[in-house]
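Asker: Would you mind keeping the following structure in view while I ask a few things?
Values quoted throughout were computed directly from the atomic coordinates according to the rules given, and no laboratory measurement underlies them. Computed from a predicted structure; not experimentally measured. As a convention, Cβ positions derive from the backbone with ideal geometry for all residues, glycine included, and neighbour counts pool all protein chains shown.
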Amino acid sequence: MLVLQTLVLGPAHGHTIAHAIEHRSEDVLQIEHGSLYPALHRLEDRGWIASFWGTSENNRRARYYRLTPAGRKQLTAQTTRWERMVRAISRVLKPVSEQ
Amino acid sequence: MSWRRFFRRAKWDRERLREIESYVQIEADDNAARGMPYAEAHAAARRKFGNSTLIREEIYSMNTISFLDALGRDVRYSLRALRHHPMFTLVALLTLAIGIGANTAVFSVLNSVLLKPLAYPKPDELVAVKQTAPGAAGLANIAEGLRLSPSMYFTFAEQNRSFQAFGVWAPGTASVTGLAEPEQVRTVYVSDGALQAIGVQPALGRWLSRADQLPGGPQTVLLNYGYWQRRLGGDRSVAGRKITVDGRSREIVGVMPQGFRFVNQDFDLIMPLSFDRSKLSLPGFGFPGIARLKPGVTIAQANADLARMLPIWMSSWPYRGNPRIYETWRITPDLRPLKQEVVGNASEILWVVMGTIGMVMLIACANVANLMLVRAEARQHELAIRAALGAAWRRIVREMLMESVLLGLMGGVAGVALAYGALRLLMAIGPANLPRLTEISLDARALGFTLALSLVSGLLFGLIPALKYAGPRASLALRSAGRTASVSRERHRARNLLVVAQVAMALVLLVSAGLMIRTFQALRTVEPGFTQAEHLQTMRISIPVQLIAEPQRVTRVQNDILDKLAAITGVASVAFASEMPMEGIPPNWDDILIEGQTYTSTEIPPLRLFKYVSPGFFHTSGTRIVAGRDLTWTDVYGLRRNAMISENLARELWGTPSAALGKRFRTGLNALWWEVIGVIQDVRENGVDERAPAIVYWPSMLDNLYGPGPLDAVRSVTFVVRSDRTGSEGFLNQVRQAVWSVNPNLPLASVRTMREIYDRSLARTSFTLVMLGIAGAMALVLGIIGIYGVISYAVSQRRREIGIRLALGAQPGELRRMFVRHGLVLAGIGVAIGLVAATGLMRLMKSLLFGISPLDPVIYAAVPIVLVTAAVLASYLPARRAAVVDPVEALRAD
């Protein structure tokens, strides 16, 4: 979901995605950047993202990923579900914290 | 997971590698931009990325089907293992290929002949219309029950409620003139309804129609594909052309498609029976019937329907006597599925052969299992170590099974090739009695059978060593496999069991083969009623009405042919008869009334076989005249009512052959009396395994056989020439020229020696004998190899023990005996079990045997002796090696 969200803004390559996630989570989600690739592979496998070879900002060849329509739909669905979950959890937690 | 990716996973991996490289580059660039030295920037980038190999593996495995992957690895491993033991692999493969090949070949025959439906539309609806008549004495002489009469055909066709279509038919021959040399062709005569029942549309033109069946209607003929190609060059505008059949011009109305057979007949022409209703009476039971049942009608219902019509039939047609007389015959409709009719008695043989070949396969499997056990034993140490190092025993079992299944499959492939060759050979030889020969092929079902057989046999012989050596107890082996002096009894149990089973099965097969040999012997000693069959040349010549009308002239021409034939050099004597014994031509039969005996009007005397012969026939064929004399030409031309009868008929009616001479009989109450002038040795007309029927021999030209009527002569006869030049091409040419010098329009058909006819009648037995003989020989050889293998392996395993024994002073002879005894015990147990099994199983073969009991003592004594002798020999050879073991060397080894 995080990967998909990153790609909403436009195509990006692995390096960018890894840094973006690290960055946006304010370094809470420290991951080994390599472990991103199996995830990318799986997403591509499911048809949610597509990939192509392109040139990076500093003229390196890099594999770019972009969101497919199916991926976009999936992202919306997951986000909705996630938000519902978060709301539910926080509702459950609130009364406890008040008492 | 997708298959496409599974096969492209290597390419994917390269993609990923490049992608990872690009990540590292970019990260390193960033790092370098922050001022890190180049090398450090790279190292940091790699650190940041993590373990790239691990990640690639993770992605790679996402792309694989792990089961398939493991399978591929096992296959490669097994192939390597098999390649490293070429002798083992070769022997195992050869055994399997022969076993599987034989099974595949026999199964494809069985499948094509017995299992595949007939090549007609909706074959399940087709039935052969037959009937039995348990009340008709003497009918037992006529094989296959009571056929239909033309009047029955009309009654059944018009009044039945069960058939979509129904007709009668009859095979025959005819001569075609005007196309090339006069040619005798095979014909099928059909009534209306017979072609409609079969339902195969003509390839060209039309069927015979109802109008074609009217006597005096259009003269038409339907061609078979082969004849059309052969004689009319496949001319597509052939319909409407005319050919001359039996001297009569007939219009071709159509051509049947390629491969079409009429029930069990290969034929050239189909012609209408064109019965003349106004002249029919009740009898004339000469026609097989064929019908297509209405949907949903069972055979039992159709039988009941026919039974309902029999009284109608009896009261609707004229008869020379009391028509109710047929009630005493108790005619019973007996419909059969058409397939059963086509296949005939081949099914029994095929099942027996399949059973025996299957048993050979089991023996072959046992042998290969034995080989596998040897290998497994040799690998025991390795397996134990692997198990100790943590290999799951499941995995070891899987590996061993993989090896055996692979062997099985490779054997299967080789077997299919063998079977293909065997089938081609079979079709080239073309055993005469095998029905549906042209339909035999290696089809999908046969190949499926082979695949299943290969897999099952692979699992079968692989499972035994796998379970024995790869079990959880494998670690035990480590302790005992090393320097123990002797070998535990338990380790040999599986191999001993296999050998016992092999010997038992070999015994059963040898007994069955032995019984067939005895049957064959018994058949050969039966006096058939003719002598020196190889010196009798036979040929069939028919003189159609259109060619020569007057019976007197027909006999004259036949007589002239005899004279011309007799003039050929090297010919001892010549004659003709309406048919030769065992020739398979549907005979004539009827009842006779004896002078001085009164017959009630409600009984029909026993039926007798009627044959028509020329003077000198018995002399030529070598049939003894027991009493009285032969016919003379004076008898024939003088139309003297003199006839001859067979010895068994003479004894039945008048007690002794000589008492029969001078006695008189007739064929009906209004017929004239005939006098018995000779009594003839009994002849096995229907084959040596059938009883000799009671026969009346008439002259070939006679008048008033059934009361006042015109003179008649038999027009289709088999000429028989006794000469020691039979079979040579020069002789046959002279024979043809002799016949054509009398009349150039007479074709010669079925030119063969009496020997061929005789062998053909034994074909069923000889085919079974050959098949069982092959199976028995294979079983014997495999059994001997089995015993030899076990004993020689035991010897090699116990070298150390032998060495110790020798060192302690054991006599070499004593040691030899020890091993031979081992082999004998195994063979003995096998023989005992086999004998018990054989006594049970041989009952199934009873119908194939002749003149001996299924428990024939000679065979049951001889086969065990053969087997035990072979076993002694097979164990003596390796035992001899035991005696020459050098104790020092044996003890020093490993």
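Asker: Using helices alone, I'd like the mean residue ellipticity at 222 nm for chain B: each DSSP H run of four-plus residues gives -39500 (n - 2.57), total over residue count, nearest 500.
Answerer: After summing the helix terms and dividing by residue count, I get -17000 deg cm²/dmol.
Asker: Sequence gap at least 6, Cα distance under 8 Å: using those rules, report the relative contact order of region B:544-745 to the nearest whole percent.
Answerer: This gives 30 percent for region B:544-745.
Asker: When N counts the residues of the protein assembly as shown, how does its alpha-carbon radius of gyration compare numerically with 2.2 N^0.38 Å, as a ratio?
Answerer: 1.41
Asker: Still on this structure, I have one more. Any idea how far the Cα center of region B:718-738 sits from the one of region B:565-638, in Å?
Answerer: 23 Å
Asker: Identify all lysines with a Cα-Cα distance to B:Lys611 below 21 Å; exclude those on the same chain that are fewer than 8 residues away in sequence.
Answerer: The reachable lysines, counting only those whose Cα sits under 21 Å from B:Lys611, are B:Lys663.
Asker: For the pair B:Leu447/A:Asn59, report the inter-label distance in nm, with labels modelled 7 Å from Cα in the Cβ direction.
Answerer: Label at B:Leu447, label at A:Asn59, 6.1 nm between them.
Asker: What are the extents of the Cα atoms of region B:587-711 along their three principal axes, in Å, largest first?
Answerer: The Cα atoms of region B:587-711 stretch 39, 33, 27 Å along the principal axes, largest first.
Asker: What are the semi-axes of the equivalent ellipsoid of region B:667-707, taken as the square roots of 5 times the eigenvalues of the Cα gyration tensor, listed largest first and rounded to whole Å?
Answerer: Values for region B:667-707, descending: 26, 11, 10 Å.
Asker: At R0 = 56 Å, how high is the FRET efficiency between B:Val888 and A:Ser90 if r is their beta carbon distance? Nearest 0.05 is fine.
Answerer: 0.05
Asker: What nm value, rounded to one decimal, do you get for the distance between B:Ala32 and B:Asn51 when each label is placed 7 Å out toward the C-beta?
Answerer: Here the modelled spin labels are 2.9 nm apart.
Asker: How much length, in nm to one decimal, is gained on full extension between B:Ser209 and B:Leu94, taken as 0.36 nm per residue of separation minus their Cα-Cα distance?
Answerer: 35.6 nm
Asker: Obtain the nm distance between the two label points defined at B:Trp673 and B:Leu855 by a simple spin-label model: each point lies 7 Å from its Cα along the Cα-to-C-beta direction.
Answerer: 5.4 nm
Asker: Additional query: Placing one identical point scatterer on every Cα of region A:2-98 and ignoring solvent, what is log10 I(q)/I(0) from the Debye formula at q = 0.20, 0.24 Å⁻¹?
Answerer: For the requested q values the scattering log ratios are -1.03, -1.28.
Asker: Right, another one. Please report B:Arg736, B:Arg277 as a ranked list, fewest other C-beta atoms within 10 angstrom at the top and most at the bottom.
Answerer: B:Arg277, B:Arg736
Asker: What are the lysines whose alpha-carbon lies under 28 Å from the alpha-carbon of B:Lys116, with same-chain residues fewer than 8 places away excluded?
Answerer: Qualifying lysines at Cα under 28 Å: B:Lys130, B:Lys294, B:Lys339, B:Lys846.
Asker: In degrees between 0 and 90, to the nearest 10, how far off the longest principal axis of chain B does helix B:86-110 point, with axes built from Cα atoms?
Answerer: Approximately 30 degrees, to the nearest ten.
Asker: Given an 8 Å cut-off on Cα distances and at least 6 residues of separation, report the relative contact order of region A:2-98 as a percent.
Answerer: So the answer I get is 29 percent.
Asker: What FRET efficiency comes out for the pair B:Arg524/B:Ala862, r = Cβ-Cβ distance, R0 = 25 Å, nearest 0.05?
Answerer: The calculated FRET efficiency here is 0.85.
Asker: Below 30 Å, Cα to Cα, which lysines can B:Lys48 reach? Residues fewer than 8 away in the same chain don't count.
Answerer: Correct list for B:Lys48: B:Lys11.
Asker: Calculate one ³J(HN,Hα) per residue across region A:41-48 by plugging θ = phi - 60° into the Karplus curve 6.51 cos²θ - 1.76 cosθ + 1.60, and present them in order as whole Hz with x for glycine and proline.
Answerer: Working through the residues one at a time gives 4, 5, 5, 5, 4, 7, x, 8 Hz.
Asker: Follow-up question, since we're still on this one. Kindly express, to the nearest 10 degrees and within the range 0 to 90, the angle between helix B:52-62's C-alpha long axis and the longest C-alpha principal axis of chain B.
Answerer: On a 0 to 90 degree scale, this one is about 20.
Asker: Working from the pairwise distances between different alpha carbons, so that the mean of 1/r is found and then inverted, what is region B:131-334's Kirkwood radius in Å?
Answerer: Value: 18.2 Å, from the Cα pair sum.
Asker: Rounded to two decimals, what is the ratio between the C-alpha radius of gyration of region B:527-631 and 2.2 N^0.38 Å?
Answerer: Compactness ratio reported: 1.32.
Asker: Can I ask one more? Just need log10 I(q)/I(0) for region B:329-395 at q = 0.14, 0.23, 0.24 Å⁻¹, Debye formula, equal scatterers on the alpha-carbon atoms, no solvent, rounded to two decimals.
Answerer: -0.70, -0.99, -1.01
Asker: For a distance above 25 Å, tell me the whole-number percent of Cα pairs in region B:782-894 that qualify.
Answerer: Roughly 39 percent, once rounded to a whole number.
Asker: Report the trypsin sites (Lys or Arg not before Pro) located in region B:33-99 that are in a DSSP loop and have at most 15 other Cβ atoms inside 10 Å of their Cβ, or state none.
Answerer: Here the trypsin sites (Lys or Arg not before Pro) that fit, given the DSSP loop and packing criteria, are B:Arg34.
Asker: On to the next question. State log₁₀ I(q)/I(0) for region B:150-206 at q = 0.12, 0.17, 0.18, 0.22 Å⁻¹ as given by the Debye formula over alpha-carbon point scatterers of equal weight, solvent excluded.
Answerer: Reported log10 I(q)/I(0), two decimals: -0.43, -0.72, -0.76, -0.92.
Asker: Something else now. Where does chain B land on the Kirkwood hydrodynamic radius, alpha-carbon pairs, in angstrom?
Answerer: Value: 33.8 Å, from the Cα pair sum.
Asker: Which of B:Ile774, B:Ile396 has the fewest other C-beta atoms within 10 Å, and how do the rest follow up to the most?
Answerer: Fewest-to-most Cβ neighbours within 10 Å comes out as B:Ile774, B:Ile396.
Asker: Something else: To the nearest 10 degrees, how steep is helix B:9-33 against the longest Cα principal axis of chain B, on a 0 to 90 scale?
Answerer: 30 degrees
Asker: Let me ask something additional. Over region B:515-663, what is the mean sequence separation of C-alpha contacts under 8 Å (at least six apart), divided by residue count, expressed as relative contact order in percent?
Answerer: Relative contact order here is 20 percent.
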